[in-house]
Structure formats: C-alpha cells, structure tokens
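Asker: The following block contains the structure, expressed as structure tokens.
The values are calculated or read from the model by the stated rules, or taken from the named source; none is laboratory data. The shown structure was predicted, so the numbers you read here are calculated from the model rather than taken from an experiment. We place every Cβ from the backbone using ideal geometry, glycine too, and count neighbours over all the protein chains shown. Surface areas here come from the heavy atoms of the whole protein model, side chains and all, with no ligands, DNA or RNA. Shrake-Rupley method; radii C 1.70, N 1.55, O 1.52, S 1.80 Å.
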Amino acid sequence: MRNAQCARCLEFEEEIRELHQRLAAVGQYVTYAPGPSPTPSVEHEMQRWLAVNPRADAAAGFRAGWSRLARFVAPKLREWEARWFLSMRENDRLRARVGGLLRELSRLNDRG
C-alpha cells in the first residue's frame, strides 16, 4: 500500500474503500485496489496517521482515531437504533392490544 500524502488523501482512500464495499454488496464487479483495512490494526493506523500528521499531539490523534472509528460504526449504530425504535413502537402497539383485550374480558366477566 502506498502512503497517503495528506489528511484529505486518507479520507479519499476511505471513501473509495466504502464504495468498493457497496458495489461488492450488490454484486457489481470490483477490481482490487489496496486501501485501508476494514479491521484496522492500531499500530498500522497510528503509523499511517502520523505519516500525514507528523507534528500532531496526542489529543489530535485521539480525536482522529475516534472519528475514524465512528465512520465504521455509525451506520451499524443507526441501523440498531432504527430497529430499537421499531421494536418500541411494536411493543406499544402490543400493549395497547393486550389492554383492549383485558377490557373486553373484564366486560364479558361483569355480564356473566
């Protein structure tokens, strides 16, 4: 893999990698292009980042690391959040249905 020259180059490489993954997911032909690993090693990523940010301090490195991690994790977190909200709506709907059935049962028992 060739070293990137600047932070913008790193972002560009990341976008290309994501596009390759999307194309592969829908069965499109994707040619091999070396790029960042989807499961990065900490040492490799640190060396890669320091190559383009040689005078950065620890705080900047920490923020950059979390930003990079967020790009990998954010889509999955959004999906999980959407599923959670869907399950909460379903739970509310089922509770309302059970409540209605209990009222109906109570009404029928009062008649009895």
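Asker: Sort the following peptides by mean Cβ neighbour count (other Cβ atoms within 10 Å, averaged over residues), highest first: 54-62, 6-14. Can you show the working numbers first?
Answerer: On the way: 54-62: 9.9, 6-14: 14.2.
Packing proxy ranking, top to bottom: 6-14, 54-62.
Asker: In Å², and per residue, what accessible area does the range 71-112 have when probed at 1.4 Å with the other protein chains present? List each step's numbers first, then the result.
Answerer: Values: 3970 Å² over 42 residues.
Heavy-atom accessible area per residue stands at 94 Å².
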